[in-house]
Amino acid sequence: MNQAKKIPLAFQKRKITAEIVEPVGIPAKKPVEIRTDPITGRKCRITFARAKEAESGDSSFPEPPPGANNTASCPFCRPQLYKRTPMLAASLSESPRLEHGESVLFPNLFPYGRYSAVSVFDNNHFVEIGTASPSSYTDCFINCGNYLKKVREADREAIYLAITQNHLPSAGGSLIHPHLQVHADRIPANIPRFLEQRTTDYHAKTGHLLFSDYLAHELEDKTRLIGRTGDWHWLAAFAPEGFYEIWAILPGVVSLLGMNENHWQDLAAGVINTQKFYRSLNYNGYNLGLLAVEQENSRLEIRLRILVRSNFDQWSRNDHTGFEVMLGDMATFSAPEQTATMARKFW
Ligand SMILES: [Zn+2]
């Protein structure tokens, strides 16, 4: 009870029931839970009835995608990477591409913003979910961090930083060769814009950091905790906006550029644990993202989000239906507490 007073965040759950008559003529009550994310105020629905319905393409682990062996035509495979990928502007970097370990970073040929880059993991063309080496992830993350440092040195106004991944075309990836996208801009995208305001207002009102308070609630509640890797706390999202959505919170750290090698290493370990969990559910594609507002008084702590996407299968059902696109509530099928229970064994 004291905790509820100390942390002014509402973890709202509302259970409703839809009454129907089953095709065989038996009356049935179908439970639906509506949750509100304490961070965003956005609602999601857990439609438990749907969990029993088979989804196309996830009854077994998918075959490798076409082109899994086609290294010759891949612009991210070496040696052609050095001929077919663009180079950094001289105003940003003395070297045309950034290298850290096996990772190579270069500008995105199709930029999303003022500073838009791609960081390739290594020379392995197709890496099945859950099988990447921790060092390849760590090096790739550090390479992204090094690029963002250069951007910040060149442009003090580009404070909206992010790192994202679309693993496989089902998650929006255009090339199967594992890579991360790196973004920096003076103009925030919708989510960082909202989070900047929300965390600033929350701090002004309470003197607390929002994600630290969210985490404090979850540490006490325990039902959605998954595990730790170093300073990162891994937990199932209370009100997910994607299937099996997992968050990793780095409490008290508000700067992507301030992260040290251990932070990146521990993040890589947790991402690979998550991938192994997703693989156990027969999913092979996911999105991940972490972002920061890189300025001195930022109250937005570093948090990674990662969620599964529908398998790419001919005529598979997309995971965003009219309900998500037109009404705006994500409808998932399983409770986050169940996600946490299933994921814990991978930590
Ligand atoms: Zn390749």
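Among residues of the stretch 58-75 that are hydrophobic (A, V, I, L, M, F, W, C), those with a beta-carbon under 7 Å from a residue that is within 10 Å of the ligand (Cβ to nearest atom) at least six positions away or on a different chain give the pairs ALA68/PHE126; ALA68/ILE176; CYS74/HIS125; CYS74/LEU175; CYS74/HIS177. Cβ separations smaller than 6 Å between residues 6+ apart or across chains give the following pairs from the stretch 136-157 residues that are over 12 Å from ALA117 (Cβ atoms) to residues that are small (Gly, Ala, Ser): TYR137/ALA268; THR138/ALA268; ASP139/GLY101; ASP139/SER103.
Taking the criterion of being touching a residue at least 24 places away in the same chain (Cβ under 8 Å) and assigned to a loop (DSSP other than H, G, I, E, B), the residues of the stretch 89-101 that qualify are SER91, LEU92, SER93, GLY101. The condition (being touching a Pro at 6+ places or on another chain (Cβ under 8 Å), open to solvent by less than 70 Å² (accessible area, probe 1.4 Å), within 16 Å of the ligand (Cβ to nearest atom) and outside any loop (DSSP other than H, G, I, E, B)) is satisfied by just one residue among VAL118, VAL104, VAL127: VAL118.
Filtered by the rule that a residue be open to solvent by less than 10 Å² (accessible area, probe 1.4 Å) and either in a strand (DSSP E or B) or of a type outside the set (A, V, I, L, M, F, W, C) (or both), the stretch 184-201 gives ALA184, THR199.
Taken together, the residues in the stretch 247-283 that are over 26 Å from ALA54 (Cα atoms) and part of a helix (DSSP H, G or I) amount to 12.
Taking ALA72 as the residue in question, decide whether it is assigned to a loop (DSSP other than H, G, I, E, B) and under 30 Å from SER212 (Cα atoms). Here the answer is no, as ALA72 does not meet what is asked. Of the residues making up the stretch 203-247, just one is touching a helix residue (DSSP H, G or I) at 6+ places or on another chain (Cβ under 6 Å), more than 23 Å from VAL308 (Cα to Cα) and charged (D, E, K, R), namely GLU220.
Taken over the stretch 61-88, the residue count meeting the criterion of being within 12 Å of ILE176 (Cβ to Cβ), open to solvent by 90 Å² or more (accessible area, probe 1.4 Å) and away from the ligand (no atom under 11 Å from the Cβ) is 1.
Looking at ALA248, ALA216, just one residue is of a type in the set (Gly, Ala, Ser), open to solvent by 10 Å² or more (accessible area, probe 1.4 Å) and out of contact with any Asp or Glu (no Cβ under 8 Å at 6 or more places or on another chain), and that residue is ALA216. Screening HIS177 against (1) touching a strand residue (DSSP E or B) at 6+ places or on another chain (Cβ under 8 Å); (2) more than 16 Å from the ligand (Cβ to nearest atom); (3) over 20 Å from ARG42 (Cβ atoms) leaves a single unmet condition, (2). In the stretch 134-171, of all residues being over 22 Å from VAL308 (Cβ atoms) and not in a helix (DSSP H, G or I), the one that is most open to solvent (accessible area, probe 1.4 Å) corresponds to ARG156.
The values are calculated or read from the model by the stated rules, or taken from the named source; none is laboratory data. On a predicted model such as this, the values are computed, not experimentally measured, just so you know. Every residue, glycine as well, gets a Cβ built from its backbone with ideal geometry; the counts of neighbours run over all protein chains shown. The accessibility values were calculated without ligands, DNA or RNA, using every heavy atom of the protein model including side chains. Shrake-Rupley method; radii C 1.70, N 1.55, O 1.52, S 1.80 Å.
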